Amino acid sequence: FDEIKAAIFSKPCSVAKAIYSSCTGFSSLLGQQIAYSAGVDGDASIDSLSVEEQSRVMEQIEKILNIRNEGTFSPSIIFHNNQPEEFSCVPITLYQQDSYEVRHYDSISNVLETYYGEKEVISRIRQKSVDLRKVVTTLLERNRKKEFLQEKQLNDTEKREKYKVYGELLQTYGHQL
């Protein structure tokens, strides 16, 4: 445990990054969660923490390690506007805003299947949406060009009567020329 503490507090980076880069298996989400639970800013420099804040960070890391050692995992997915944002096997309290929803599952396998399945569906929908937008944009551009050309032809036909009279006069009096 002292090696972890030494590794974390020797890195010149943010609190969350120091945590997840020093502890094998910790994600950036877990680094942010530990900082949040300890009551420190995850983006603050690790050097700026007081001794008390360092102690709180280490307590939170110890809680995570106890969850791992005891096997008391809490697999869950964090949804934002019904779209999966993050998943974790430990309790995540970082996202407690109204637009976030935490759904708990029986196993991490169910979490991964649901998370990546829904991500794939959303990705497919976005891809189809991009394709449709491209088709609609292309059709709109073509129709705008057609409209421009037809308006130009319409403007040219407004002079039609004048040229019709000129043509009739040429035909009638052309033999005199």
The range 74-149, relative contact order [Cα under 8 Å, separation at least 6], %:
28
Residues of the range 1-46: accessible area per residue at 1.4 Å, in Å²?
48
May I ask you to order 28-38, 128-138 by the average number of other C-beta atoms within 10 Å around their residues, highest value first?
28-38, 128-138
For the range 65-73, Karplus couplings with θ = phi - 60° (6.51, -1.76, 1.60), whole Hz, Gly/Pro x:
5, 5, 4, 5, 5, 7, x, 9, 6
Apply the Karplus curve 6.51 cos²θ - 1.76 cosθ + 1.60, θ = phi - 60°, to the phi angles in the range 119-127 and return the couplings in whole Hz, x for Gly and Pro.
4, 5, 4, 5, 4, 5, 4, 4, 5
Projected onto their principal axes, the Cα atoms of the range 80-177 stretch, largest extent first, over whole-Å spans of 103, 25, 12
Please list 3J(HN,Hα) in residue order for the range 155-169, calculated via the Karplus relation 6.51 cos²θ - 1.76 cosθ + 1.60 where θ = phi - 60°; whole Hz, with x for glycine and proline.
5, 5, 6, 5, 8, 4, 4, 4, 5, 5, 5, 4, x, 5, 5
In square nanometres and to one decimal, what's the mean projected area of the convex hull around the Cα atoms of the range 1-128?
8.7
Rounded to the nearest 0.05, what FRET efficiency do Glu62 and Asn82 have when you use their Cβ-Cβ distance and R0 = 45 Å?
0.80
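As an exercise, use a Förster radius of 30 Å and the Cβ-Cβ distance of Lys128 and Arg103 to find the FRET efficiency, rounded to the nearest 0.05. Mind showing how you got there, number by number?
On the way: r = 26 Å, r/R0 = 0.86.
The formula returns an efficiency of 0.70 here.
The values are calculated or read from the model by the stated rules, or taken from the named source; none is laboratory data. Treat the numbers as computed from the prediction; the structure is a model and nothing was measured. As a convention, Cβ positions derive from the backbone with ideal geometry for all residues, glycine included, and neighbour counts pool all protein chains shown. The protein model used for the area step is the full one, side chains on, heavy atoms only, and it has no ligands, DNA or RNA in it. Shrake-Rupley method; radii C 1.70, N 1.55, O 1.52, S 1.80 Å.
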